[in-house]
Amino acid sequence: MVKKLGVYICSGCGIGDSLDTEKLAKVATRESKIPLCKVHPFLCGAEGAGIIRKDLADGAVNTVVIAACSPRVKTDVFVTGQEACPTLLERVNIREHVAWSHTAKDEDTGMLAADYLRMGIAKARKCEPLEPVSETISKKLLVVGGGITGVTAALAAAEAGYEAVLVEKQPQLGGFVATLKKRFPAAAPYAEPTADGFPEQVQAATYHSKIQVFTSARILKTAGQPGMFDVTIETPAATTEVRVGAIVMATGWKPYDASKLPHLGYGVSPDVITNVDFERMASAGNIARPSDGKPAASVLFVQCAGSRDKDHLPYCSSVCCLATLKHATYIREQNPEALVYIVYKDMRTPGLHERFYRAAQDHPLNFLTKGEVTSVGSAPDGKLAVTVGQTLIGESIELRVDLVVLATGMVPVSADGILNLTYRQGPDLPVLKHGFPDSHFVCFPYETRRTGIYAAGAVRAPMDSVRAGEDGLGAAMKAIQSVELAARGQAVHPRAGDTSFPSFFMQRCTQCKRCTEECPFGALDEDEKGTPKPNPYRCRRCGICLGACPERIVSFKNYSVDMVASMIKAIEVPEEDEEKPRVLVFMCENDAYPALDVAGFQRLRYDPGVRVIPLRCLGSLNIVWIADALSRGIDGVMLIGCKFGDDYQCHFIRGSELADRRMENVKETLQRLQLESERLELTQLAINEYGKLPELINGFMERIRKMGPNPYKGL
Amino acid sequence: MNAQLIQPDVSFIREVRAAGGSDLKKCFQCATCSVVCDLSPDDAPFPRKQMIAAQWGLKDQLLCDPAIWLCHNCGSCTTQCPRGARPGDVMAALRQLAIRNFAFPGFMGRLVANPKALPVLFLVPALVLLAIILWVPKGPATPELEFANLFPVVAVEALFFTVSTLAAIAFLVGVIRYLKALRMCCPGILLNFPPVSAEIVTHERFAQCNTNQGVRWGHFLVLWGFLGLASVGTTIGIGTMAGILRTPLPWGSALKILANVCAAGVLTGAVILIRERTVNQARRAASTYFDWLFLGTLTAVVFTGILLQFFRLAQVAYLMYPVYFVHLVLTLALLLYAPYSKFAHLAYRTVAMASTEPWKPKRKPRRLSEQGAKHCVDFYS
């Protein structure tokens, strides 16, 4: 394609007051020899957009560079792939990052805008039109687990018109909820347990024309990628292979193993049972001491039995307190005069279930105290003697009871060879340290590190049955999005709609396996030699492979090593005697870049010596860019990305962490070149920390000035 | 430390709920009550701990706890409680149960606390007085209408001395029982009365409850007015029995003036207290039968007493004698039931306050056992 660039500069929103736009236009026309460059006072208005559209229609232009506001705004007007700009669009941010955050009519401000325009033009010259992949996509969903989450997910998908395959390991659907005597209060006034399970939904799912149910089943193998997963399901009757587009993982939970809790008396006496045992006993109809079958006239519940305990489950399962309150009502039904003791660390009854807590607490024969159970033994009268320390009543108290119930927590059923993925990175979903699938609970629940596979219900996070049902619904929606986007060749969250794909120049691949190891989503499989085998539908377009590759063979049509390198080359580096240091800032475009936009909205000022290049993810940073920048005489390089570690905020899970790891190597290289390693700095920034950015940038510039100019300047 | 065996007293929980602490179980131990309370001492704060002890039915621990008497029921805790557990009401209920528990004889405690027994409470003194009218021989009628024409002075005075003595004995036994309980909970506890007397004179603790200013002066007037009336009554009683004085006293006599000043004081104080209990929403909700029985009887005694004087002055027989009868019934009831009604707080609160006043003994207290002292510290902190 013969590139015909057109540059459009907007002078609205105060840009014209801050910059000499005519002079800026000369950067395009004189320096870059672009014949078509127009300045308009209101480019996003009907007239401005109309001018661009007309130029495109006339064939005068096929690649558009817009120097105006941030690419994060006015995306409804300036759109690639739409009528206004059918081919290529590059946006240069001279509003938030220049006009709004630097001194008006200042020489440095002008230089900043000119550099950004040069960089934008450089990138636009290298961009190629995108060609979305298109293959036959299955829109059928696989739901793993026939509990309340899975049944709700399958029904939701079916009702929305998508076929679903429901796989359950038990002989019947229903899961744990179907075995319950009662459920937690589900409607106002939230004071009484709900009587029913969810038999209607189970029936509806069993007989739905769009749902295929496999019971007593297990998954032998899951191969392929979103839109074309091939799943082998084994039942006692047959082994079936189905093709599905996306997967909802609703495998639920199992109770924490109480045999690890001998200090709470489990195993010491048959009269010490778990809350799951108790539920079963109550469902069967008689609450009695297992040892002698006598009715339990006094029952003590130990909350957080093995929960919020660093030696067992360090987290709160959020349901055990409610389960205990519900169990107290079971006891009451059988014997109104029974004594119920509840020893808790904290009573946690999320949301409106606080009302259930109040109702249970108000009963005169329910006794609650904060405390730590220190021992459970036998009392002379055949009862259990429970000592509780640090109570609200006294330092140490002893209670004599008939039955002790340990309120144990939820353990996710996640990594037990369920999906048996044929991925290079392993058969299971990657999990966090407590076994929950790795996803971000605030920013992107349901997403796992395997594209097209969504975790829902108690496997994702401990939750009650109502929330699990909602979760099933949410995950079904995500799965539907996933197959629909796949059908259009588009990426899912967080680059939803992106049609670019990485391509690999295999002739130069050295089989170092860095890309296949580092891809957070397991998108790349390998052949026997270690050559990567891309699965484009698994890809989330973060570019981490591009950053990882030492041979620089990975590139997107609109994002490549070469493109960023040309942007770096486009920066005019002043001579040493001008005393105008230049600092290149690689910014994560998910959080840090918008934060800098907000700094612009707030008219915060920072040093105009910085040149910002947004990256899809800091993990897509190829270290060659740093060498490029420093060898061109740029005085320092900042990397600003998302927070990493246990509470990571990286949208691609490990991008910023990988970038940080690569920095260690780069710093060694710098030392060999006799450059101060302090010329390179990586900072973690959250999106709300825009207020810190000016200080961060100015501080770095200050240190660079003290260090003196880059000795490679002008070489 | 050995674990303390806890066995909830279920009937006690139900009693507390019936006696005005019906919201007691709502407490979730946030301790807002102890924080907002102006009287709660830093080293042994209340009423948070009393709330859970009551929820758990720890009767023995609570009844001997001086903290329940340190509360002056300003209601701050009840107003501020985020759960609506009304700790102030629970404390009042605990005081009522303490009075009932230490009552001698025990059935009297239960009788006075029972609203259904109200007619009996007043019927008994009425019948006794009726018997006196009917069967005790009277002296010759005086030309002017006088109360002695209805009741012979000697008989009335003898009756009041008997009743006062009975009440005093009941009080004594009750206080001894309370002290025993105190010593059980906190062996070696010592009583320090002088600071308490100062407190009674000034009502300083009431002043510390900044939401309680009206109650402070109401209570001050009622208490001192009542003590004045009680001493005038005793003096007149002894005087008439000894033949030194003769009723009715002349209008200008010092005793008469003192009596009227005190009566006016009690009436003013009582009106303030009644107003507090009716106008103030929180306090109205907190007022129980037990509160009203005492406050009502006391007010009625003074009110009928003042009324009597006017009727005697006006020499209206058909008003003067019935009101006198009612006045005597009420006064008898007040005295007779003093050890079992809210009146009894006079004794228990004084002792409780004396037991918590800091005391710096020169030598080691005699009966202080180490374990007991430790328990006490644990309990109060």
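Modelled label-to-label distance, A:His363 and B:Glu357, 7 Å Cα→beta-carbon offset: nm?
About 4.8 nm, to one decimal.
So how many Å³ per residue does the convex hull of the Cα atoms of the stretch A:1-129 work out to? Provide the component values of the computation, followed by the final result.
Details: hull volume 11.5 nm³, N = 129.
It is 89 Å³ per residue.
For the stretch A:532-649, rounded, prolate or oblate, judged on the Cα gyration tensor with a ≥ b ≥ c (square roots of eigenvalues), a/c < 1.5 rounded, else prolate if a/b > b/c? Working shown, then result.
Values: a/c = 2.32, a/b = 1.33, b/c = 1.74.
Oblate shape, in that a/c is at least 1.5 and b/c is the bigger or equal ratio.
Rounded, prolate or oblate, given the Cα gyration tensor of the stretch A:255-409, with a/c below 1.5 counting as rounded? Intermediate results must be reported in sequence, preceding the final value.
Details: a/c = 1.24, a/b = 1.06, b/c = 1.17.
Rounded, because the longest to shortest axis ratio a/c is under 1.5.
Across bins of 10 angstrom width beginning at 0, how are the C-alpha pair distances of the stretch A:98-139 distributed, in whole percent?
23, 26, 20, 15, 12, 5
Give the separation of the Cα centroids, the stretch A:321-389 to the stretch A:160-180, in Å.
That distance is 33 Å.
Averaged across A:393-403, how many Cβ atoms of other chains sit within 10 Å of each residue's Cβ atom?
On the way: counts 11, 12, 5, 5, 6, 6, 5, 3, 0, 0, 0.
That works out to 5 on average.
For the pair A:Gln172 and A:Leu220, what calculated FRET efficiency results from E = 1/(1 + (r/R0)^6), where r is the Cβ-Cβ distance and R0 = 30 Å, to the nearest 0.05? Write down the numbers at each step before the final one.
On the way: r = 21 Å, r/R0 = 0.71.
So, using R0 = 30 Å, E works out to roughly 0.90.
With an 8 Å cut-off on Cα pairs and a minimum separation of 6 or more residues, tell me the relative contact order of the stretch A:255-409 in percent.
Working: 300 pairs, mean separation 49.6, N = 155.
Averaging sequence separation for qualifying contacts and normalising by length gives 32 percent for the stretch A:255-409.
Please find the FRET efficiency linking A:Asn665 to A:Asn286, where r is the Cβ-Cβ separation and R0 is fixed at 56 Å, and quote it to the nearest 0.05. It would help to have the intermediate numbers written out before the result.
Values: r = 68 Å, r/R0 = 1.21.
Computed FRET efficiency for A:Asn665 and A:Asn286 comes out at 0.25.
Give the span of the stretch A:503-555's Cα atoms along each principal axis, as three whole-Å numbers ordered largest to smallest.
For the stretch A:503-555, the Cα spread along each principal axis is 23, 22, 16 Å.
Would you mind giving the average projected area, over all directions, of the Cα convex hull of the stretch A:183-302 in nm² with one decimal? Don't skip to the answer; put the middle values down first.
Numbers: hull surface 50.1 nm².
Mean projected area of the Cα convex hull: 12.5 nm².
Take every Cα pair under 8 Å in chain A that's 6+ residues apart, average their separations, divide by the length, and report that relative contact order as a whole percent.
Numbers: 1572 pairs, mean separation 86.0, N = 715.
Averaging sequence separation for qualifying contacts and normalising by length gives 12 percent for chain A.
Which parts of the stretch A:237-279 would a label at A:Ser378 reach, counting a residue when its backbone N lies under 15 Å from a point 7 Å out along Cα-to-Cβ?
A:265-272
Can you list, largest first and rounded to whole Å, the semi-axes you get for chain B by taking the square root of 5 times each eigenvalue of its Cα gyration tensor? All intermediate terms of the calculation are to be shown ahead of the outcome.
Details: eigenvalues 339, 95, 81 Å².
The answer is 41, 22, 20 Å, longest axis first.
Mean shadow of the protein assembly as shown, computed from the convex hull of its alpha carbons, in nm²? Before the final figure, lay out each step's value.
Working: hull surface 257.4 nm².
Orientation-averaged projected area of the Cα hull: 64.4 nm².
List the residues, sorted by chain then number, that are 5 or more residues from A:Cys37 or on another chain and whose placed amide H is less than 5 Å from its amide H.
A:Val7
Taking the square root of 5 times each eigenvalue of the Cα gyration tensor, what semi-axes in Å does the equivalent ellipsoid of the stretch B:43-95 have, largest first?
Details: eigenvalues 57, 30, 19 Å².
Those come to 17, 12, 10 Å.
Say the dipole of the stretch A:1-120 comes from +1 at the beta carbon of Lys and Arg and -1 at that of Asp and Glu; which of A:Pro41, A:Ala57, A:Val7 then lies farthest toward its positive end?
A:Ala57
Any chance you could get the radius of gyration and Dmax over the Cα atoms of the stretch B:180-224, in Å?
Considering the stretch B:180-224 through its Cα atoms, Rg and Dmax are 14.2, 38 Å.
Report, in order of residue number, the helices in chain A meeting two criteria: a C-alpha extent of 27 Å or more along the helix axis, and a mean Kyte-Doolittle hydropathy of at least 1.6; treat each whole DSSP H run as one helix.
Details: long enough: A:107-126 (29 Å, -0.35); A:465-487 (33 Å, 0.35).
Span-like helices in chain A: none at all.
Limiting things to C-alpha atoms, what are the Rg and the maximum Cα-Cα separation (Dmax) for the stretch B:1-152, in angstroms?
Answer for the stretch B:1-152, Rg first and Dmax second: 22.5, 79 Å.
What is the magnitude of the charge dipole of chain A about its Cα centre, with +1 placed on the Cβ of each Lys and Arg, -1 on the Cβ of each Asp and Glu, and no other charges, expressed in debye to the nearest 20? Intermediate results must be reported in sequence, preceding the final value.
Working: 83 positive and 85 negative charges, 232 e Å.
Magnitude of the dipole: close to 1120 debye.
Find the Cα radius of gyration of the stretch A:326-365, compare it with 2.2 N^0.38 Å by division, and give the number to two decimals. Please list the in-between numbers first.
Values: Rg = 10.7 Å, N = 40, 2.2 N^0.38 = 8.9 Å.
Ratio of Rg to 2.2 N^0.38 Å for the stretch A:326-365: 1.19.
Run the reach check for B:Lys342 against lysines, Cα to Cα strictly under 18 Å, same-chain hits fewer than 8 apart removed. What comes back?
Partners within reach: B:Lys116.
When DSSP assigns beta bridges and you keep just the ones with both residues in chain A, what percent turn out antiparallel, to the nearest 5?
Numbers: 40 of 108 bridges.
Counting only bridges with both partners in chain A, antiparallel ones make up about 35 percent.
Does the stretch A:573-621 classify as rounded, prolate or oblate by the C-alpha gyration tensor (a ≥ b ≥ c root eigenvalues; a/c under 1.5 gives rounded; else a/b over b/c gives prolate, otherwise oblate)?
Numbers: a/c = 4.83, a/b = 1.41, b/c = 3.43.
Taking the square roots of the gyration eigenvalues as a ≥ b ≥ c, the stretch A:573-621 is oblate.
Going by C-beta contacts inside 10 Å, put B:Arg83, A:Arg540 in order with the fewest on the left. Let's see the in-between values first.
On the way: B:Arg83 17, A:Arg540 25.
Listing B:Arg83, A:Arg540 from fewest to most nearby Cβ atoms yields B:Arg83, A:Arg540.
Output wanted: per-residue J couplings in Hz (rounded whole) for the stretch A:577-587, from phi through Karplus 6.51 cos²θ - 1.76 cosθ + 1.60, θ = phi - 60°, x for Gly and Pro.
These are the phi-based 3J(HN,Hα) values: 6, 6, 6, 10, x, 10, 10, 8, 10, 8, 10 Hz.
To the nearest 20 debye, what charge dipole does the stretch A:1-129 have about its Cα centre, counting +1 at the Cβ of each Lys and Arg and -1 at the Cβ of each Asp and Glu?
On the way: 18 positive and 16 negative charges, 86 e Å.
Magnitude of the dipole: close to 420 debye.
Lys/Arg Cβ at +1, Asp/Glu Cβ at -1, dipole of chain A taken about the Cα centre: which of A:Val133, A:Tyr648, A:Ser631 is farthest positive-ward?
With unit charges placed on the Cβ atoms, the residue in question is A:Val133.
Roughly speaking, what is the centre-to-centre gap between the stretch B:43-107 and the stretch A:283-315 when only Cα atoms are used, to the nearest Å?
Spelled out, the Cα-based centre of one part sits 33 Å from the other.
Enumerate the aspartates and glutamates that A:Lys54 could reach by cross-link, defined here as Cα to Cα under 12 Å, with residues fewer than 8 away along the same chain left out.
Partners found: A:Glu83.
Do any of A:Lys221/A:Lys254; A:Lys478/A:Lys513; A:Lys3/A:Lys478; A:Lys667/A:Lys713; A:Lys26/A:Lys713 go past 29 Å between their Cα atoms, and which? Before the final figure, lay out the partial values.
Values: A:Lys221/A:Lys254 23 Å; A:Lys478/A:Lys513 31 Å; A:Lys3/A:Lys478 38 Å; A:Lys667/A:Lys713 19 Å; A:Lys26/A:Lys713 26 Å.
Check vs 29 Å cut-off fails for A:Lys478/A:Lys513; A:Lys3/A:Lys478.
So if I take the centroid of the Cα atoms in the stretch A:528-544 and the same for the stretch B:244-261, what is the distance between those two points in Å?
One Cα centre to the other: 110 Å.
Strictly over 18 Å apart at the Cα level, which of A:Lys74/A:Lys692; A:Lys182/A:Lys260; A:Lys140/A:Lys210; A:Lys126/A:Lys557 would you flag in this model? Display every interim value, and only then the final one.
Values: A:Lys74/A:Lys692 26 Å; A:Lys182/A:Lys260 28 Å; A:Lys140/A:Lys210 9 Å; A:Lys126/A:Lys557 8 Å.
Violating the 18 Å limit, Cα to Cα: A:Lys74/A:Lys692; A:Lys182/A:Lys260.
When Lys and Arg each count +1 and Asp and Glu each count -1, what net charge do the other residues less than 10 Å away from A:Thr149, Cβ to Cβ, add up to?
Values: positive: A:Arg460, A:Arg467; negative: A:Glu470, A:Asp471.
Spelling it out: positives minus negatives among the neighbours equals 0.
Positive end of the dipole of the stretch A:503-555, charges at C-beta (+1 Lys, Arg; -1 Asp, Glu), about the Cα centre: which of A:Val554, A:Cys519, A:Pro534 has its Cα farthest in that direction?
The residue sitting farthest along the positive end of the dipole is A:Val554.
Largest first and to the nearest Å, give the Cα extent of the stretch A:346-485 along each principal axis.
65, 33, 24
So, in nm, how far is label A:Asp20 from label A:Arg508 when the simple model puts each one 7 Å beyond its Cα toward the Cβ?
4.1 nm
Largest first and in whole Å, what are the equivalent-ellipsoid semi-axes of the stretch B:1-68 based on the Cα gyration tensor, each being the root of 5 times an eigenvalue?
Values: eigenvalues 77, 53, 24 Å².
Rounded to whole Å, the semi-axes are 20, 16, 11.
What's the FRET efficiency of B:Asp38 with B:Ala168 using the Cβ-Cβ distance as r and R₀ = 35 Å, to the nearest 0.05? Present the calculation step by step, with values, prior to reporting the outcome.
Details: r = 34 Å, r/R0 = 0.97.
Once the sixth-power term is evaluated, E becomes 0.55.
Rank the residues A:Thr499, A:Thr149, B:Thr278 as a footprinting-exposure proxy: fewest other Cβ atoms within 10 Å of their Cβ go first.
Details: A:Thr499 20, A:Thr149 35, B:Thr278 11.
Fewest-to-most Cβ neighbours within 10 Å comes out as B:Thr278, A:Thr499, A:Thr149.
Got a sec? How would B:Trp217, B:Trp292, B:Trp251, B:Trp69 order by Cβ neighbour count within 10 Å, fewest to most?
Working: B:Trp217 17, B:Trp292 14, B:Trp251 10, B:Trp69 21.
With the sparsest Cβ surroundings first, the list reads B:Trp251, B:Trp292, B:Trp217, B:Trp69.
Roughly how big is chain B's charge dipole about its Cα centre, with Cβ charges of +1 (Lys, Arg) and -1 (Asp, Glu), in debye to the nearest 20?
Numbers: 35 positive and 19 negative charges, 138 e Å.
I would put it at about 660 debye.
Along the Cα-to-C-beta direction of B:Tyr289, a point sits 7 Å from the Cα; which residues of the stretch B:8-35 have their amide N less than 18 Å from that point?
In the stretch B:8-35, the label zone of B:Tyr289 (backbone N under 18 Å from the point 7 Å along Cα→Cβ) covers B:12-23.
List the lysines whose alpha-carbon lies under 19 Å from that of B:Lys25, not counting same-chain residues fewer than 8 positions away?
Leaving aside lysines fewer than 8 places away in the same chain, those within reach of B:Lys25 are A:Lys326, A:Lys345, A:Lys370, B:Lys49, B:Lys59.
Principal axes first, then extents: for the Cα atoms of the stretch A:571-703, list largest minus smallest coordinate on each axis, whole Å, largest first.
42, 36, 21
Since every read-out is calculated from the coordinates, none of them should be taken as a lab result. Just so we're clear, the structure is a prediction, and the values are computed from it rather than from any experiment. Every residue, glycine as well, gets a Cβ built from its backbone with ideal geometry; the counts of neighbours run over all protein chains shown.
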